[in-house]
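The values are calculated or read from the model by the stated rules, or taken from the named source; none is laboratory data. All values derive from a computational prediction rather than experimental measurement. Positions of Cβ are backbone-derived with ideal geometry, glycine not excepted, and every protein chain shown enters the neighbour counts.
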Amino acid sequence: MKSIFLKVFVFIFLSISFFSCGLQSPKVLVFTKTEGFRHGSIESGVVALEKMANDHKFVIDTTADAKMFTESNLKQYKAVVFLNTTGDILNDEQQAAFEKYIKSGGGYVGIHAAADAEYSWPWYNKLVGGYFNGHPKVQKATLQVIDNTHLATKMLDATWEKVDEWYNYKDLNEDVNVLLDIDEKSYSGGTNGDNHPMAWYHDYDGGRAFYTGLGHTNVTFENPVFLQHLYGGIKYAMGEKK
């Protein structure tokens, strides 16, 4: 009789453990370290991402501490978001850990100034998709939707007018899939010409990467259309397809 009770107990315990693991919410790491200019909108971005996580049933950890970038710690995250990071933010060991994370199928999301970081790390240049190369004043511009089938753009019309700080880019990775292009005729100060991407995604080195050039202003992180765009990029980075 004791043997039967023991088997039943073990069965119930294993069943609960299995279903509990299956119901665990995915985790996302939001990284906010800056060694250059620090955007005032970082705090607004964190608030918006916390609300997004609550609404869409995932968990975020937010940190400016690069010591979080270890191989063992990164394993718990479905995606890592670089929120307006600037400058040289990871040392050699931390860079190696992040590379292993991506190569193991991890996801990356870069927001705005994530392109203004790690200029001496060629692997990161390919991951983020391009480097910051200056910007004009904050102003309204017209974004053209190049691909309206992606999670980050399917909610958009053919064009999207928005106020933000519009980056120019250098060292663009030609292997990315462009989602949004900016019409340089719609504002002053663009230097990339007819090919001026502003959001893109790609499979990279075993993982997934999404970048959006939007995200300079506090108001952007209150814009429901932008938040849908960003959430779509995070879902893609986490490996979700719809």
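One residue stands out among those in the stretch 69-88 that are more than 20 Å from residue 233 (Cβ to Cβ) and not in a strand (DSSP E or B): the one that is farthest from the chain's Cα centre (by Cα), which is 72.
Regarding residue 115, is this residue small (Gly, Ala, Ser) and within 19 Å of residue 241 (Cβ to Cβ)? Taking the combined requirement at face value, the residue does not satisfy it. Residues that are within 19 Å of residue 227 (Cβ to Cβ) and among the basic types (Lys, Arg) within the stretch 57-87 comprise 57, 78, listed in sequence order. Taken as a whole, the structure places residue 145 among residues that are out of contact with any Pro (no Cβ under 8 Å at 6 or more places or on another chain) and either without any contact (Cβ under 8 Å) to a residue 40 or more places away in the chain or basic (Lys, Arg) (or both). The set of residues from the stretch 205-240 being farther than 15 Å from residue 179 by Cβ, touching a residue at least 12 places away in the same chain (Cβ under 8 Å) and either assigned to a strand (DSSP E or B) or not acidic (Asp, Glu) (or both) comprises 206, 207, 216, 217, 218, 219, 220, 221, 223, 227, 238, 239.
Looking across 233, 189, one residue alone is at positive phi and either within 18 Å of the chain's Cα centre (by Cα) or of a type outside the set (Ser, Thr, Tyr) (or both). It is 189.
To keep it simple, each residue is scored yes or no on (1) modelled with pLDDT of 95 or more; (2) crowded, with 20+ Cβ neighbours inside 10 Å; (3) in contact with a Gly (Cβ under 9 Å, 6 or more places away or on another chain).
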residue: 196; (1), (2), (3): yes, yes, yes
residue: 201; (1), (2), (3): yes, yes, yes
residue: 208; (1), (2), (3): yes, yes, yes
residue: 211; (1), (2), (3): yes, yes, yes
residue: 214; (1), (2), (3): yes, yes, no
residue: 218; (1), (2), (3): yes, no, yes
residue: 222; (1), (2), (3): yes, no, no
residue: 237; (1), (2), (3): yes, yes, yes
residue: 240; (1), (2), (3): no, no, no
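Residues in the stretch 52-67 that are assigned to a helix (DSSP H, G or I) and either closer than 22 Å to residue 33 by Cβ or among the acidic types (Asp, Glu) (or both): 5 in all.
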